[in-house]
Amino acid sequence: MPFDAREAKLLQPGQTIIVPESPGLRLAASTSRRSWVYRYKAADGRMRQLTIGQWPAMTLAKAQALWEDLRAGRKGGVDPVDAKKAARAAAAAPKRRAAGYPVRQLVQDYLGGHIDVHRKPKGRAEVRRLLEGYLGAIDDHQAATLKRADAFSLLEGLAKTPVLAGQIRQELGAAWDYALDAGRLPEETPNWWRLIMRGRLRSKGKLVQGERITAKRVLSDVELGLLLRWLPNFTSLIDDGLTLYLWTGARGAEIVAMEAREISEENDGLWWTVPKAKTKTSRIEHATDLRVPLVGRAEAVVRRRLANTPSGYLFPKRPPAEGPVDQKVMGVAVWYHMPYSKTRPDVLRPRLPVEHWAPHDLRRTVRTQLAAMGCPDAVAEAVLGHLPPGIQGVYNRHSYDVERRIWLEKWSARLEELAQQ
């Protein structure tokens, strides 16, 4: 008997209309509505039923189409009632998690799930210090309901230290993205850290003797000559480390972590191969180990340290401590000898004739001087361990080993000239 809409309208509470051509499908009436119901026998023999829509909003044709899908699912082993419960639970999970998901837990999930996996030990410790030490009043806030004003208030309170505020803003933005990607926050949750204070957290420079120093420092020829002649006033460790900065252009973290096994005697001279894992480009897929030719004073430093330390780190910590010295040791030493340094003012020591620089400025100086000498940009960037940008970095796999040695030998000769002036 075909479905009769007039009969459906007259259906009394508790009554049903069975659809013979669709076994198990029926229209059931209650006091307030008429619902399409699919009734079936579950795998354990029990009778179960599932409401699949309301009549007349859902027509007979739509109800039968849905009935066909559910019956096909049952043949594939999917119980319709269990599937609906699972779908409801999945849809409600993000809201339940968000309702009891404070910022401090979001941060811990980000630290454990992303930072501890993808950052090096030093970076992990620094991000943890920032996010665990500067959350302030938002620590107990529910992440999903954090207001724009709350995020702004946190960063505004750190505005006097804009570099710090910018780092916290960047990491919290990444933490929110991580939580959204993981489904721990509802998809509509705004990531305020990506929206507020953009472009307003700029460094005001270092305050030295009442003066703001903002310029990126590059030492002049005269300053390089003065510094080269003054280097022996440092301890041998600092003298050697700064010499390697100047003669190789390498990063400080790479220099202090140098190991004897990374040094090799090759046909054209001594080489230092920095493993990719120790470089700043370690997370870039097409990056490779960094090849550094050791010439001039750099070669002399490494050969001397190899003679004293034939295995292990060439810049080791003092026993009983293990591992390489911390990179900051060189920066602290440079600051300690600056004319304006008030660190341990009662201790007499020689003062640097060149002011307002840090070890990393030597790396910037190497790059600038290479350009001034006519070194091609591609070679100068290779010396510093920078990858070519964009598509060049993917397709240009030339090692530049020969060119690096040629230009670092020219640079070494130039440094020796400056040291004699």
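The values are calculated or read from the model by the stated rules, or taken from the named source; none is laboratory data. Everything quoted here is computed from the prediction, not taken from an experiment. Cβ placement follows ideal geometry from the backbone for every residue including glycine, while neighbour counts extend to all protein chains displayed.
Side notes on the structure shown:
Condition check ((1) over 20 Å from the mean Cα position of the chain (by Cα); (2) over 21 Å from Ile196 (Cβ atoms); (3) charged (D, E, K, R)) across all residues:
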{"position": "Lys85", "(1), (2), (3)": "yes, yes, yes"}
{"position": "Arg119", "(1), (2), (3)": "no, yes, yes"}
{"position": "Leu131", "(1), (2), (3)": "no, no, no"}
{"position": "Tyr178", "(1), (2), (3)": "no, no, no"}
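- Taken together, Arg97, Arg33, Arg48, Arg6 contain a single residue that is at pLDDT 80 or above and surrounded by 14 or more Cβ atoms within 10 Å (Cβ to Cβ), which is Arg48.
Per-residue answers, yes or no, for (1) buried (at least 16 other Cβ atoms within 10 Å of the Cβ); (2) assigned to a helix (DSSP H, G or I); (3) in the same structural domain as His118 (by TED's automatic domain parsing):
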| residue | (1), (2), (3) |
| --- | --- |
| Ser153 | no, yes, yes |
| Lys160 | no, no, yes |
| Arg169 | yes, yes, yes |
| Trp176 | yes, yes, yes |
| Leu185 | yes, no, yes |
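- Against the numbered list (1) in contact (Cβ under 8 Å) with a residue 12 or more places away in the chain; (2) of a type in the set (Val, Ile, Thr); (3) not in a helix (DSSP H, G or I), Val379 comes up short only at (3).
- Checklist (1) within 28 Å of the chain's Cα centre (by Cα); (2) over 14 Å from Ala298 (Cα atoms) applied to Asp268, failing item: (1)
So that you can scan it fast, the table gives a plain yes or no per residue for (1) small (Gly, Ala, Ser); (2) in the same structural domain as Asp150 (by TED's automatic domain parsing); (3) at pLDDT 95 or above; (4) part of a helix (DSSP H, G or I):
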residue	(1), (2), (3), (4)
Ala93	yes, no, no, yes
Gly112	yes, yes, no, yes
Val117	no, yes, no, yes
Arg124	no, yes, no, yes
